[in-house]
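Derivation of every value follows stated rules applied to the coordinates shown; laboratory data play no part. On a predicted model such as this, the values are computed, not experimentally measured, just so you know. Cβ placement follows ideal geometry from the backbone for every residue including glycine, while neighbour counts extend to all protein chains displayed.
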Amino acid sequence: MRKKFKLWMTVVFAIILSIIVVPMYSAKANTLSIKLNKKSITLKIGETYQLKSNFSESVSCTWKSSNKSIVTVSTTGKLRAKKAGSATVTANINGKTAKCKVTVAKAPAWSRKTWKNKVSDWTMEFSSQYTTVFKSNGTVCQIGWRNKDTGYYRVLSGNKIKAYYTDNYVSWAGSTTPQKVKGYTYTVLYTYNKNTKTVTAKYSSGFYKQMLSNAQDGVLYSN
């Protein structure tokens, strides 16, 4: 009997505590101002950053970007820089807001050119020319003899860009329409040499395992 009484008292106490604490926490959320860990931030194209508010993650927060073409923000406050420019990201909790100004720096001048490899085999039997373009919206495209690979890129530094090719198409022998290669992704690290004004391309090992393209590690030349 005594054990049942203790159990009953424990349940009653828990209910009373929840009735008291939840309204207090809600009142706190309604009265406190919102603060973010950054009021302003500068990112490179392709770079990400996690914004956080001074509230617990359990409190519902709505995030919004004033210009998604420049910077996007996830439902958890993670930023991704898309192209050069400025935008404002707003956090909203219970009608109260806090803002962060996001500036996305311009991509290096050398990346705004069209880059091509030098064909080493004039018969085109073993190698072919391919073209790489870094677009201003943060996407990248590589077009070769029978390939068209697209994805996004990150500016790592003034002379380094890393491309992530996530949508890759191949024109098989005898086909007229390029077909997407499912489950096939790879990366390329591009390094600019300001003395020779060329770019060195270094492909990930996953690229060579597929053997679906004539592209290769090497030097690219601008038009």
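Just a few scattered comments:
- Residue ranges 33-40, 84-91 sort as 84-91, 33-40 when ordered by packing (mean number of other C-beta atoms within 10 Å per residue, highest first).
- Under 10 Å, Cβ to Cβ, from Thr72 - net charge with Lys/Arg +1 and Asp/Glu -1: +4
- Each listed q (0.10, 0.21 Å⁻¹) maps to a log10 I(q)/I(0) for region 109-222 from the Debye sum over equal C-alpha point scatterers, namely -0.28, -1.22.
- Protection proxy ranking, peptides 66-72, 186-192, average beta carbon neighbours within 10 Å, highest first: 186-192, 66-72
- Seen through its C-alpha gyration tensor, with square-root eigenvalues sorted a ≥ b ≥ c, region 34-106 comes out prolate because a/c lies at 1.5 or above while a/b is bigger than b/c.
- With 21 Å as the limit on Cα-Cα distance, the pairs of Lys106/Lys162; Lys118/Lys148; Lys78/Lys113; Lys99/Lys160; Lys118/Lys182; Lys116/Lys182 that go past it are Lys78/Lys113; Lys99/Lys160; Lys118/Lys182; Lys116/Lys182.
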